[in-house]
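Take a look at the structure below.
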Amino acid sequence: MTSSPSSSPSPVRLDLDGNTIKPLTICMIGAGGFIGSHLCEKLMNETNHTVLAVDVYNDKIKHLLEPESAPWTGRIQFHRLNIKNDSRLEGLIKCSDLTINLAAICTPADYNTRPLDTIYSNFIDALPVVKYCSENNKRLIHFSTCEVYGKTIGSYLPKDSPLRQDPAYYILKEDTSPCIFGSVEKQRWSYACAKQLIERIIYAEGAENGLEFTIVRPFNWIGPRMDFIPGIDGPSEGVPRVLACFSNNLLRREPLKLVDGGESQRTFIYIKDAIEAVLLMIENPARASGHIFNVGNPNNEVTVRQLAEMMTQVYSKVSGEDSIETPTVDVSSKEFYGEGYDDSDKRIPDMTIINKQLGLILLSSVEFIYFF
């Protein structure tokens, strides 16, 4: 399904049920971000859909906006606006067939240091988008997060309990897994709570007012344009997510900092594999509407410590430099993130629902070489 950037989309494309896919106008909020930029590329290269790209920045999609000779010229329009306070947003949603909301504050370092901004961005600012879609009978694909699951049931069992190895206690399922957060004092959960509450609003709008929706829960999507290297292509004082943090340490020949020993476990998936799933949701509304989908790779689990070791090996191989004498150092979460930080122990998605509805199996492995 992947095509080169210079290829043009097939004139006739079919959905999973054999129906012709009609060109859509898509209002994409947050189009200038990591996921949005890759989704825009996919839509321009492989489909005939039109994108109304809404964001305050367009650096990551500039290559799609500038070339007048590009085969997609006229199918992507950039609208610079902040959804907090711009009356143009409803008009853009009204003239679209589908709205995709990617706007969020989603950097863990902000959750307990900027909890109000985090809650407003992920809940309050998203409310008008849901309202406009519901009132105007427009379909919505809303991007949530795997963090809505919080901690696993297994994390509350004794460390030597054999039940910790039972998938029933740690695999995360959209329709049955509970959402378990820490105490209110642990403001790290401000993000997860805000994301869960907007999910509940969307689900209620579907139940009571007929909103046609799909909710996406990404599990650690990674790839180019994901984050910044402090002082190089981002603010010097910023704290990016784990892969960019480790990349920054490697480039500066500093020990990789392992928060609380790097014991947390994560599953990673490459952005282009994840975008395949999103395109299927866009073009198969009969199969995707009314569903919440995990999108991740359950076979790609590593501890953060293992990730650090893997990235150190890859960087040494690519750069030709020997690893530093002390490649990692343990730091406390309080020291690294500040007061009020907490974390989930494991994040492994159950993929049963998305595989059943969209026939999608994401089994490719992730390679970290592109970060260097």
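The values are calculated or read from the model by the stated rules, or taken from the named source; none is laboratory data. Given the structure is predicted, the values throughout are model-derived calculations rather than measurements. Here Cβ is always computed from backbone atoms with ideal geometry, including for glycine, and neighbour counts include all displayed protein chains. Surface areas here come from the heavy atoms of the whole protein model, side chains and all, with no ligands, DNA or RNA. Shrake-Rupley method; radii C 1.70, N 1.55, O 1.52, S 1.80 Å.
List of remarks:
- Each stretch of four or more DSSP H residues adds -39500 (n - 2.57); spread over every residue of the chain, this sum gives -9000 deg cm²/dmol at 222 nm.
- Computed log10 I(q)/I(0) for the stretch 1-118 at 0.11, 0.15, 0.20 Å⁻¹: -0.42, -0.73, -1.12, from the Debye equation with unit scatterers placed on every C-alpha and solvent omitted.
- Signed unit charges on C-beta, dipole axis of the chain, positive-most listed residue Ala31, Gln187, Leu116: Ala31
- Distance between modelled label sites at Ser183 and Asn85, nm, 7 Å Cα→Cβ extension: 3.7
- Selection from Ala168, Cys133, Leu81 lying farthest towards where the dipole of the stretch 68-214 points positive, charges on Cβ: Leu81
- Computed in the context of the full set of protein chains, the accessible area of the chain at 1.4 Å probe radius has 51% of its extent on carbon or sulfur.
- For the stretch 83-125, Kirkwood radius (reciprocal of mean inverse C-alpha pair distance, Å): 11.9
- Karplus (6.51, -1.76, 1.60) ³J(HN,Hα), θ = phi - 60°, over the stretch 287-299, in Hz, Gly and Pro reported as x: 8, 9, 5, x, 10, 10, 10, 5, 10, x, 10, x, 8
- Residue-normalised accessible area of the chain, given per residue in Å² at a 1.4 Å probe: 46
- The dipole here belongs to the stretch 271-354: it is taken about the Cα centre, uses +1 on the Cβ of Lys and Arg and -1 on the Cβ of Asp and Glu, and is about 400 debye.
- Computed from the C-beta positions of Glu208 and Ser155 and an R0 of 35 Å, the FRET efficiency is 0.50 to the nearest 0.05.
- Lys, Arg +1 and Asp, Glu -1 on Cβ, resulting dipole of the chain about Cα centre, debye, nearest 20: 540
- Over all projection directions, the Cα-based convex hull of the stretch 188-342 averages an area of 11.2 nm².
- Between amide H atoms placed 1.01 Å from N, distances below 5 Å from Gly150 occur with Ile180, all of them 5 or more places distant or on a separate chain.
- Debye log10 I(q)/I(0) for the chain, one point scatterer per Cα, at q = 0.12 Å⁻¹: -0.96
- In this calculation the C-beta distance from Tyr169 to Val56 is compared with R0 = 25 Å, giving a FRET efficiency of 0.05.
- Spatially proximal aspartates and glutamates relative to Lys257 (Cα-Cα < 19 Å; intrachain offsets below 8 disregarded): Asp110, Asp227, Glu237, Glu309, Asp322, Glu325, Asp330, Glu335, Glu339, Asp342, Asp343, Asp345
- Label-reachable residues, the stretch 301-339, where backbone N falls under 11 Å from a point 7 Å from Arg253's Cα toward its Cβ: 321-325
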